[in-house]
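The values are calculated or read from the model by the stated rules, or taken from the named source; none is laboratory data. Here the structure is a predicted model, which is why all the values come from computation and not from measurement. We place every Cβ from the backbone using ideal geometry, glycine too, and count neighbours over all the protein chains shown. To get the accessible areas, we keep the full protein, side chains included, count just its heavy atoms, and leave off ligands, DNA and RNA. Shrake-Rupley method; radii C 1.70, N 1.55, O 1.52, S 1.80 Å.
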Amino acid sequence: MSHVSRLLALSLVTSTVIGATPLTEAYADDMGLMASNAWSRPTAMASMAGVVYATVTDHGASTSLVGASTPVAAHAELHQSKEENGMMEMVPVKSIPISAAAPITLSPGGYHIMLTGLTKALSTGQTFPITFIFANGAKVTTTVTVKSMTSDGSTDSGGNGMGGMKM
């Protein structure tokens, strides 16, 4: 584990244990990768699927996002929402290409991380770690914040809304 990775892990554990401001940007400096602005929607119960959105930036050699993991779910899968014959559907994807010229935004209606087998319902204000896994072997852990939905379907931070079945 690199020195930077140890510091990031220590920051995440420290912020979780003592209630400090959670880490909202995480870097894999040796690979040039960064994850930021990670957020999720609340779920009514643990049996529902959760979702994670974020921005992933690559300042190094091109790679692909190939997976994710989090202690709040049994499975964290890469998915893409797309319209097919007038119907929105979510399909699993094996990887999401990322390069310095094209950071990826995991967002409603596009690519996202689908969480299944939640250990408990996701509640507004809750934070939890997620680790993004890349084809080049890099792993970047950041903090996800669960944000409430407003009456118009947008998040309390002005993010995209529910948009029907968009995840």
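Could you compute the FRET efficiency for Val91 and Thr55, with r as their C-beta to C-beta distance and R0 at 30 Å, rounded to 0.05? With R0 = 30 Å, the Cβ-Cβ based efficiency is 0.90.
To the nearest 10, the accessible area of Thr124 is 80 Å² with a 1.4 Å probe.
In this view, the solvent-accessible surface of Thr127, computed with a 1.4 Å probe and all protein chains in place, comes to about 60 Å². Full extension of the chain segment joining Ser99 with Ser123 gains 5.3 nm, where the gain is 0.36 nm per residue of separation less the Cα-Cα distance.
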